[in-house]
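S.K.: The structure's right below; bear with me while I get my questions together.
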C-alpha cells in the first residue's frame, strides 16, 4: 500500500502523487494555463469583432491559409475560437480552478482531514482532466478544425459541423473527471471532518464546495448522456436530434428522423445552469473567507449565507429553461421557468446582502486579497441585476442572444469569479508555498484588471441594447449594428489592455514562488483550520491531532487579548 | 490522525454518519448513475411521445431471449449478494464460488446480448435504421458497457481474494462492487419492459 | 416477513440466506408475470402502468434486501431523496414540453425496423 | 435604414407590442439603477466608516439582526413578484400564446443556411404544397408547382413586404439547422427549429425599412444572413403584390450575400 512518504521517488511524489495538496497545485497550474489559452483565443476574436476583414496584425502571417487566408479570419475559424473559448473557460478553466485547485487543497485542511477520502480517485480525476485538455486543444489540428457550434453545440448544426466529435469525447473525459471529483469531495466533507467540526462550524468556503459538489454530481450525468447521444448521431448516423426532412449542406439527409433538436437543449441546459452556479458559489465562498478575515469580525448571518447556498443548489435544477424561452419550447412552460428563475434570484441577493453587511462594524484592512473580495461585491451586483431583464420573459424576447447576455454572464464570471479567485490566490499563496506575493504588483494587477474588465463588458450592455446579436463573425454586416460598432472597438482595446495587466501578475506569481518574502504559518491571523498547520503543510497535514471547539470566524471576542481565536483552541485564555 | 497509516488502510467510518467512506462513495456514484440512466429514459419517453406511432417491442425485438437475459441478471444479483454474505462469514472458498458464478452469469448475459445484436445486424437493422432501434441500441449498449465495468471489478475482487482476503477494506470493497452490480441489475429491470414489452 | 437482518461487526448486515432465496423466487416470478401481462396487448395506459408497477416492485425488492437499504443510515436515505427530487424534474419538464409543443411538430411516424429497411 | 435610438439606446418602436416590451426594459433598468446606486452608496459608506483605525476593535455583530438585514431583499422580491404577475406573464401570453384575431396576413418563412426564403400565398390566399424533396437552388421552398394553389405563390429571398397596421402571422420553419427570426425594431425574436412550424405574429405600426437578421449561430455565414423588412402603406403593398404576381413564373433564386 502507501509507501513511507519520505523515500518516494520524485515521480511518485510530484507527478503521480495522491496527496491532495500536490493534486491541488497540479490542477491550479493546468487551470491557470487553460484560462490564459482561452483568453488568448478571445483576444484574436476581438480583433475580428473590432476590425472585420482586417488582417490580424502579428498572428495573421503564421495562421494557415485554411483558418485565416492572408491574415483575415474565416467565419469557421471565428466560430471555432468562440466555441473553444467558451468550453475552455467554463469546463477547463474556472471549474478546475475553483473546485479542483482551491477545493482540493483547502477543503481537507479546513475540515481537519489528513487527505481526501479516495486519494487515488483524486489522482485519476486530475489525469482525466489533463487528457481532456490536451485532446480539446489538439482538436484544432484535426482536419475539420476545432468544434464550431458554440460551447452549447446545438444540433442539428453540431451534428454535422466538423470538430464536434473531438469536443464530445473531451467533454466526456472532463465530465467523468469532475464527477469522480465530486464523489471524492462529498465523501470527504461528510465523513472526514475533524472531531468537533459540526456542519454548522464549517467555514463558508467548505459549504460552497459542498453545494458545488452536489451540483457537479447530479447535474453532469444528463449532459454526459446527451453527449453520448450526439456522438451516436455523428458516428453511427442515428437521428436523436434530427427531424425527418432535415437538409445538410443543401442535400436531403437520409436519416431515420424522429429526433427532436430541443431535446439536446433540455439536456444541455439541465447541466449548464447548475454549472454556472458551480462557477460562482466557490468564489463566493472565497470572498466570504477573505471578508471575514480582513474585517476582523464574524460574517453577518452565517446561517443565512449557508441556507441561501443550499437553497440555490436545490433550485438550480429547476431553472434551466430560462435559456430556452425563445427556443421553440412551449410558451406556457416558459411561465413556470420564469417563476423559478425569479425565486432563485432571492437567495443570490440575500448572499450579497449578508456579505455587504459583514463590512458593518468591522475594521477593514485593504490588503490585496481584500481588494479583490471587495471588488467582487459591486461587480457581482451588476451581473446579478442585469440578469433581471433576461430572466423576465417579455424583456428576454428582445435581449435574448444579444451582447447584453454576454455582458451579463461575463460580469458574473470574469469580474466576479475570476477576480474572487485571484483574491483567493493572493490570500492562500502563503499557505501553498510559505511565501507572500508582492503587494504593489498585486495592487497594479488589481486596479488594471478591474478597469479593463469594465472597459470590455460595460459596452456590451450598450451594443446589446441596440440589438446586436452575439457570435457575429462580421458585426458590421448587419446594418443595425453600425451605430454601435465603435463600442466593439472599445471592448477590444480594453481586452488587449487587460492582457498587459496580467503580465505583472504572472511575473509576481512565478517570482514569489522562489523569492517571495518568507512568511509565518498564519500571516493573515486567520481563524480557520488551514492556518493552524505549517505552510506548506506536510503529508497528512496536521502535526498534532485536530479537535475543533468553536465556529469558523471567532474574531474580536470582547476581553480576549488577541482579536482572533483559531477554531481548534479550547479556551480564550489559552489564546 | 497524522499517523503514517494513510487514509486508505483503515475503513474510516464517518463520525456523524456511521457509514464507511467506501459505502458513501459508492452510493454517491450510484446517485450520478441514476441521473445518467434517468436521462436515457427521459430521452426514450420524449422521443416516443413526439412520434405518432411507435413499434411494439414484441414484433421488433426477441422477447423470449430478453426474458432469459433478465432471469440471468437476477440470478447474478442473488449470487453477488451471497458472495458478500460469504465474505462477511469469512468463508473464502464459498466466496470465490459465488463470485465466479456472478462473473459467469454476467458473461452469459453479454453473450446473449451479443447474439441478439448480431441477429439485428444480420437482418440489416442498425441504430440508424429507426429512432426506436437507435434508442434500443444506445440504452442496451450503455447498459452493456456498465455490465462490462462491473465484470472487471468483480474479477479483480475475485483475484484479490487470493492475497488480500484479510485486508481491512476487502469486505467494504466487495459490498461496494455488490451494490454497483445490483444497480446494473435494476437498470435492466426497468430497461426490459420499457424496450421489449411496451 | 422474516426477522430483521441485524447489523454484524463493521456495519455489514448479517446475511440471511433464506430471505435471499425468497426474494430470488419473487423476482423470477415477477419477471415472467410482466412478460405474460404484456403478451395480452393491454391498451397503452394500463400496459404502461402494469409494466411500470411490476418493475417498481422488483427493483424495490432488490434495493431493500439485496442492497440492505431496509435498515440503512439516514445519510443514504437523504441522498436518495435528493436524487429522486431532481430525477422527478428531469422527467416531468421535458415531457410537458414535448406534449405542449406536439401541435408544432408534424407527426413523424416511426416505422418498425422491418419496414424501414425495405 | 431609418431608425433613431431612444433612451437606453433602443431602436425605434415599429410594432404593436414593441411599446409594452420597451416599458418593461425601461422600468427594470430604472429599478436596477436605483438598487445599484443605493447599495453603492451604502457600500462606500461602510468602506470609509469602518476602515481599520488603530485602537478601534471590530464589533462582532452589526446590530442589524439576522433576518432583519434582509428587509431590502424582501422589497426587491416583492417588486419582482409584482413584475411577474402584473407585467411578465400577461405580456408574454399576449405576444407568444394568443393568436391575432380578424384579418391576418399570413406569410411562411423558410430559413436555410444563410438565407431567408419568404413564401407569400399570393392573391388566392392559399399556400401551395411544399415538399422537401423538391427543394433546389431555384425552388428554395420546395414548392410543388403541380398544386393549383401554388400557381400564384410568391417566393422572395431576404425581403419581406408588409402592409402597415395589418396583423401578420409568420409560420417559421427551417430546412437545415436552428436559426432565429429576429427584427429588432419589431422587438420580435423567435428561434426556428427544423422539423417544427412555429407561429409568430406582429402588427407593424410604422412605415419604414428595417433589418431582419439571424440571432442563433447557424454556421460560418451566420452574420451574413440578414434581409430587409419593408413596411409600406396598404396602397403601396397592393401595388407591389400585383407587380409581383405575373412575374412569379420562376421563383427568385436565393443568394446569400444580399445587395441593398
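S.K.: Does anyone have the angle between helix B:21-50 and the longest principal axis of chain B? Alpha-carbon axes, 0 to 90°, nearest 10?
M.R.: Compared with the principal axis, the helix lies near 10 degrees.
S.K.: Please give, to one decimal in nm, the separation of the simple spin-label points placed at residue C:60 and residue A:120, each 7 Å out from Cα toward the Cβ.
M.R.: Rounded to a tenth, the inter-label distance reads 3.8 nm.
S.K.: So, one more: Considering only C-alpha atoms, what is the centroid distance from region A:27-59 to region D:17-78, in Å?
M.R.: 36
S.K.: While we're looking at this one, here's another question. In 5 Å bins starting at zero, report the fraction of Cα pairs in region D:9-97 per bin as a rounded %.
M.R.: Computed distribution, short to long bins: 3, 10, 13, 16, 14, 11, 9, 7, 6, 5, 3, 2, 1, 0.
S.K.: Ok, one more. Work out Dmax and Rg for chain A from the C-alpha atoms and quote the Rg first, both in angstrom.
M.R.: 24.0, 82
S.K.: For the pair residue C:39 and residue A:562, how long in nm is the line joining their label points, each one 7 Å along Cα→Cβ?
M.R.: Each label point is offset 7 Å from its Cα along the Cβ direction, giving 8.0 nm.
S.K.: Continuing with this model, one more query. Connecting C-alpha atoms closer than 10 Å in a GNM of chain D, tell me which of D:89, D:21, D:75 has the biggest fluctuation.
M.R.: D:75
S.K.: Now, a different point. With the Cα gyration tensor of region A:65-113 giving a ≥ b ≥ c as the square roots of its eigenvalues, does the rule (a/c under 1.5 for rounded; else a/b larger than b/c for prolate; else oblate) give rounded, prolate or oblate?
M.R.: Note, shape of region A:65-113 comes out prolate.
S.K.: Looking at region A:309-426, what % of the alpha carbon pairs are farther apart than 18 Å?
M.R.: I get 58 percent for the Cα pairs in region A:309-426 exceeding 18 Å.
S.K.: For the ranges A:418-427, D:127-136, what's the packing order if you count other beta-carbon atoms within 10 Å of each residue, average per peptide, and put the highest first?
M.R.: Ranked by mean Cβ neighbours within 10 Å, highest first: A:418-427, D:127-136.
S.K.: Quick one: grab the alpha carbon gyration tensor of region D:105-248, order the square roots of its eigenvalues as a ≥ b ≥ c, and give me rounded if a/c is under 1.5, else prolate or oblate depending on whether a/b is larger than b/c.
M.R.: oblate
S.K.: How are the Cα pair distances of chain D distributed, in percent, across 5 Å bins from 0?
M.R.: Here the calculated profile for chain D is 1, 5, 10, 14, 14, 13, 9, 6, 5, 5, 4, 4, 3, 2, 2, 1, 1, 0, 0.
S.K.: Separate question: Just subtract the alpha-carbon distance of residue D:71 and residue D:131 from 0.36 nm times their residue separation and send over the number in nm, one decimal.
M.R.: 15.5 nm
S.K.: Can you pull the mean other chain C-beta count within 10 Å for peptide A:362-372?
M.R.: What the average comes to for A:362-372 is 3.
S.K.: For region D:205-242 and region A:179-211, compute the distance between their C-alpha centroids and round to whole Å.
M.R.: Going from one Cα centre to the other spans 57 Å.
S.K.: Next question, about the same structure. Which one of D:195, D:142, D:165 has the biggest mean-square fluctuation once chain D is modelled by GNM with Cα springs under 10 Å?
M.R.: Between D:195, D:142, D:165, it is D:195 that shows the largest mean-square fluctuation.
S.K.: From other protein chains only, count the Cβ atoms within 10 Å of every residue's Cβ in A:470-477, then give the mean.
M.R.: 5
S.K.: Report the residues of region D:150-177 in range of a label on residue D:241: point 7 Å along Cα→C-beta, backbone N strictly under 17 Å from it.
M.R.: So the set is D:150-156, D:160-171.
S.K.: What does DSSP give for region D:105-248 in terms of the percent of beta bridges that are antiparallel, rounded to the nearest 5?
M.R.: 70
S.K.: On a 0 to 90 degree scale, rounded to 10, what angle separates helix A:204-235 from the longest Cα axis of chain A?
M.R.: 30
S.K.: Based on the alpha carbon coordinates of region A:126-184, what radius of gyration and maximum Cα-Cα distance (Dmax) apply, in Å?
M.R.: 12.2, 38
S.K.: Testing the spin-label approximation: label points 7 Å from Cα along Cα→Cβ at residue A:15 and residue A:476. State their distance in nm.
M.R.: Placing both labels 7 Å beyond Cα along the Cβ direction yields 5.1 nm.
S.K.: Here's something else I'd like to know. In whole Å, how far is the Cα centre of region B:153-171 from that of region A:101-154?
M.R.: First find each Cα centre; the distance between them is then 30 Å.
S.K.: Given axes a ≥ b ≥ c from the Cα gyration tensor, I'd like to know whether region A:6-150 is rounded (a/c under 1.5), prolate (a/b larger than b/c) or oblate.
M.R.: prolate
S.K.: Considering only DSSP beta bridges where both residues belong to the protein assembly as shown, give the percentage that are antiparallel (nearest 5).
M.R.: Rounded to the nearest five, the antiparallel share is 75 percent.
S.K.: Relative to the longest principal axis of chain B, what angle (0 to 90°, nearest 10) does the C-alpha long axis of helix B:131-163 take?
M.R.: 20
S.K.: Provide a whole-number value for the mean count of partner chain Cβ atoms within 10 Å of the Cβ atoms in peptide D:44-50.
M.R.: 5
S.K.: Once you compute Rg and the Kirkwood Rh from C-alpha atoms, what is the Rg to Rh ratio for the protein assembly as shown?
M.R.: Rounded to two decimals, Rg over Rh is 0.98.
S.K.: Binning at 10 angstrom from zero up to the longest distance, how are the C-alpha pair distances of region A:420-566 distributed in percent?
M.R.: Spelled out per bin, shortest first, that is 10, 25, 22, 18, 14, 9, 2.
S.K.: Identify which of D:30, D:184, D:88 has the largest mean-square fluctuation in a Gaussian network model of chain D, with springs joining Cα atoms closer than 10 Å.
M.R.: Between D:30, D:184, D:88, it is D:30 that shows the largest mean-square fluctuation.
S.K.: A further question on this structure: Can you check how the C-alpha radius of gyration of region B:20-132 compares to 2.2 N^0.38 Å, as a plain ratio?
M.R.: For region B:20-132, the normalised Cα radius of gyration is 1.41.
S.K.: Report the dimensions of chain B along its three principal axes from the alpha-carbon atoms, largest first, rounded to Å.
M.R.: Projected onto its principal axes, the Cα set of chain B covers 64, 35, 21 Å.
Throughout, read-outs are computed from the coordinates displayed, never taken from laboratory work. Just so it is clear, the structure is predicted and the values come from calculations on it, not from any experiment. Backbone-built Cβ (ideal geometry, glycine too); neighbour counts: all protein chains shown.
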